[in-house]
Amino acid sequence: MPIRPLVVLPDPRLRLKSEPVGAVSDEIRTLAQDMLDTMYDAPGVGLAAIQIGMPKRVITMDVSKSETERNPLVLINPEVVWASEETRVYEEGCLSIPEYYEEVERPERVRFRYTTLDGETVEADADGLMATCVQHEIDHLNGVLFIDHLSKLKRDRVTKKFAKAAKREGAG
Ligand code: K1U
Ligand code: ZN
């Protein structure tokens, strides 16, 4: 299955609001498989479709600790339906902002609803890395990046660094 190139900051596609998926078609099944392959190859624990240039509300995740046993998840049209008042801080990374990590505060636990590849609507509860990851990925579907949760100073610094690198590569 093809590994797709990752969309990286400052690509404006990362700021798009992704479109809801209607019926689960073969096109969506292929997209989900390509996303899983791309996520495992990166490697990452999550991926949103826009990170491979597809503005559709699809995310993949695998937060299992084991390197030998995979637990792939495909979430279509995911939404948070409840979030705890308690928060936790976790050092996040993003495949679209390579090699940059910062602590982000988010709700500690969430309940989320999504459609499966079988077209079933389900709800699930998450805590720990799973809760952090599903919120990070749903943010991507709304054009929000984890750096938007940081101070303006930090956000501006990293944005400028990636803009400069892109300009150098373009000139190169
Ligand atoms: O959406 C993305 O950019 C993927 C991102 C998801 C994420 C990471 C950490 C906290 C919240 C969301 C990543 O997967 S970055 C890579 C990463 O965290 C990782 C890579 C290999 C092993 C373990 C973690
Ligand atoms: Zn990300």
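Nothing in this text is a laboratory measurement; each read-out follows from the coordinates by a stated rule. Keep in mind it's a predicted model, so treat the numbers as computed, not measured. Neighbour counts are summed over all protein chains in view; Cβ atoms, including those assigned to glycine, are modelled from backbone coordinates with ideal geometry.
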List the trypsin sites (Lys or Arg not before Pro) within segment 70-165 that DSSP assigns to loop and that have no more than 16 neighbouring Cβ atoms inside 10 Å. R70
Placing one equal point scatterer on each C-alpha of the chain and summing with Debye, one gets log10 I(q)/I(0) at q = 0.16 Å⁻¹ equal to -0.97
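With an 8 Å Cα cut-off and a minimum separation of 6 or more residues, compute the relative contact order for segment 1-99 in percent.
In percent, rounded to a whole number, it is 30.
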Positive-end residue of G93, V58, G46, charge dipole of segment 35-101 with Cβ unit charges: V58
Residues of segment 91-107 with amide nitrogen under 19 Å from the 7 Å Cα-to-Cβ point of N71? none
Would you mind pulling out the separation of the Cα centroids of segment 12-33 and segment 79-105, in Å? 22
Burial ordering of D11, D34, fewest other beta-carbon atoms within 10 Å first: D11, D34
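If I stretch the segment between R111 and R168 completely, what's the gain in nm (0.36 nm per residue apart, minus their alpha carbon distance), one decimal?
Stretched out fully, the R111 to R168 stretch lengthens by 16.2 nm.
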Relative contact order for the chain using alpha-carbon pairs under 8 Å, separation at least 6, rounded to a whole percent? 23
